[in-house]
Amino acid sequence: MYDSFTQQLAGLDLSGLSIKPAPFDKTDFPCDDAIDQTLAGAWSDLFAMFADTALEADAEDFAWGFVNLFHRAASRKSSQLDRASDEIRALLACADGSEVHSSNLEEQVERAQAAEATMIAFERMRETAAALYLDEIGTSWRPMTGSRSNHSAQVTSAVINARDFLRVRAERRRAAHTPEGTPVVFAGGRSSFPTTDEAKAFAANVWATLDKVRDRVPDLFVVHGGDSKGVDRIAASWAERHDVQQLVFALDRRLGARAGFKRNEQMLKLEPRYVIAFPGNGVLERLVIEAKARRITVVDRRGLTGSVSKSDR
């Protein structure tokens, strides 16, 4: 749960600063049951409205936007926390012990406390909405840019006794964006199948492969390219269903034809335990060759049938 900055600041030696109670505590926010029930009800009503109408094909876009509402709200609070942290850093650098300075510092600390508490509350709502999205759409929700970090999972109850709590804030932020465990690279292109049954069989093969790798590497996190129209989407859904962290290396389009090879290099720098390869193009073939050259075990599934688009990998 959220630890207030009051607890973190308790051990700091800041002359003239009186630590006030945190502006919020958990009882000031909607409880978990209220969040779950309210969002589930709103979600059900939303899709009931679209069902059997000409707008049904657009429901997925609205569902994505529904989750994004909470993601953007959390991002705005994170930005406010960053600004308050910058101001605290500047105030600490020019501390003069005056009453005015202490008052300004207290005000910024309160802003930081409020921003972090609210950010974590919105992240909780986003994760609830993202779970509804996964159940309805069948794939993991991802923002258009940036990360889907979850700070509340990283909070500890330790009391910080350093002079500057900003170090703790920086560590928390890095931890929220850094998956823990053993990296496993998953790669493949876009495939098309003549029948729905063949497509389902392919997806089942992807999940079965990931299940087997997870049996060998229980602490794995999945590294993939984040392609929402290719096999990455299936892997992302598997990861979310199994509560497995994901690290996404999207293509840097500014690099042109080199983008895929650059991504290969970045993923292999993680020194993954395995590279799982499904059908793809020449960039994927190069990934497999380089992985074997580095003595990384390749789980090769490129022999599966299906028409593969060469434009993706």
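The values are calculated or read from the model by the stated rules, or taken from the named source; none is laboratory data. Since the structure is predicted, the reported quantities are computational estimates derived from the model, not experimental observations. Cβ coordinates were reconstructed from backbone atoms using ideal geometry, including for glycine residues, and neighbour counts include every protein chain displayed. When the accessible area is computed, the model is the full protein with side chains, heavy atoms only, and any ligands, DNA or RNA have been set aside. Shrake-Rupley method; radii C 1.70, N 1.55, O 1.52, S 1.80 Å.
Dipole check for the range 223-286: with +1 at the C-beta of Lys and Arg, -1 at the C-beta of Asp and Glu, and the Cα centre as origin, the magnitude is about 260 Debye. Relative protection proxy for 62-72, 256-266, from highest mean packing down: 62-72, 256-266 (other beta-carbon atoms within 10 angstrom).
Between GLU285 and TRP207, the contour length at 0.36 nm per residue exceeds the alpha carbon distance by 25.9 nm.
Packing around the peptides 215-222, 32-39, taken as the average count of other Cβ atoms within 10 Å per residue, puts them in this order, highest first: 215-222, 32-39.
R0 = 25 Å: FRET efficiency of ALA93 with ARG72, Cβ-based, nearest 0.05? Efficiency, rounded to the nearest 0.05: 0.20.
In terms of packing, defined here as the mean over residues of other Cβ atoms within 10 angstrom, the peptides 246-254, 78-86 line up highest first as 78-86, 246-254.
For the range 29-116, with only Lys/Arg (+1) and Asp/Glu (-1) charged at the beta-carbon, what is the dipole magnitude about the Cα centre, in debye rounded to 20?
Numbers: 6 positive and 18 negative charges, 64 e Å.
Rounded to the nearest 20 debye, it is 300 debye.
Over 29 Å apart at the Cα level, from the set LYS77/LYS212; LYS229/LYS262; LYS212/LYS269; LYS77/LYS200, are LYS77/LYS212; LYS77/LYS200.
What is the calculated FRET efficiency for ASN104 to ASP82, with r their C-beta to C-beta distance and R₀ = 25 Å, to the nearest 0.05?
Working: r = 18 Å, r/R0 = 0.71.
Efficiency at R0 = 25 Å is approximately 0.90.
To the nearest 10, the accessible area of SER102 is 10 Å² with a 1.4 Å probe.
Using 1/(1 + (r/R0)^6) with R0 = 30 angstrom and r between the beta carbons of ARG253 and ARG294, what's the FRET efficiency to the nearest 0.05? All intermediate terms of the calculation are to be shown ahead of the outcome.
Numbers: r = 27 Å, r/R0 = 0.89.
It comes to 0.65.
Solvent-accessible surface of the range 46-107, averaged per residue with a 1.4 angstrom probe and all protein chains in place: 59 square angstrom.
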